[in-house]
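The values are calculated or read from the model by the stated rules, or taken from the named source; none is laboratory data. Quantities reported herein were computed from a predicted structural model and do not represent experimental measurements. Don't worry about glycine lacking a Cβ; one is built from the backbone with ideal geometry, like all the others, and counts go over all protein chains shown.
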Amino acid sequence: MKTGVFEKEEDGSVWCDLTDEGLDKKIVQRADGTAIQRIKDYPDVGGMLYTLGNEQDYHFQVLFLILKKLGFTRADNLYHLSYVMVDLPSGKMKSREVTMVDADDLIEDMSTTAEDISEELGKLDGYSESEKKALVKAFNSFYQNVSILGADNAIEKSFRVHLSNTVANTIKNAFGLLGIEVPERM
């Protein structure tokens, strides 16, 4: 209250006004004195990455704004990595119920699934296991580091598509010189 960040209402509840930031007033403590989750979420480390569903976007926007208003410089080192929806065989991923998967396990499962589908479609016929793994690893590295369709503008997107086609043709030609047939599509 002394900092002017919070306002106490007549009923005893405590609020933070975020209207200057384009939001509304947020309750941080109920009239009975119990704190709501935003306050309980305060991180006690120098930086934190929260990986939660996009239904939590607003919550973290509010949390990070309140921490910045309070003058916590480490609030600049807090990030919310938002995902749309992870549908597991066991149901929706929920952190509170600990129905989560390890990211490495998820990537491995996705790679295995992609390889299985490519095998079923005959896209990897003629490749040794080490060649298949190298292709998967190279593509995964490129895809992780350079988003083709997620480029910032149309020129960048067009360039990345053209670059990808040029690289694909170069690889196809190089394999052809070595007598190795490449699939039309991966």
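Of all the residues in the stretch 27-53, those that are at pLDDT below 90 and either touching an Asp or Glu at 6+ places or on another chain (Cβ under 8 Å) or among the hydrophobic types (A, V, I, L, M, F, W, C) (or both) number 9.
Looking at this structure, is residue 56 surrounded by 12 or more Cβ atoms within 10 Å (Cβ to Cβ), among the polar types (S, T, N, Q), at pLDDT 80 or above and more than 14 Å from the chain's Cα centre (by Cα)? Don't jump to the end; show me each part of the working.
Working: surrounded by 12 or more Cβ atoms within 10 Å (Cβ to Cβ): yes; among the polar types (S, T, N, Q): yes; at pLDDT 80 or above: yes; more than 14 Å from the chain's Cα centre (by Cα): no.
The answer is no for residue 56.
Consider the stretch 120-136 and keep the residues that are in a helix (DSSP H, G or I) and modelled with pLDDT under 75. The one that is surrounded by the most Cβ atoms within 10 Å (Cβ to Cβ) is 135. Each residue in the stretch 148-164 was checked for being surrounded by 12 or more Cβ atoms within 10 Å (Cβ to Cβ) and under 21 Å from the mean Cα position of the chain (by Cα), and 3 pass.
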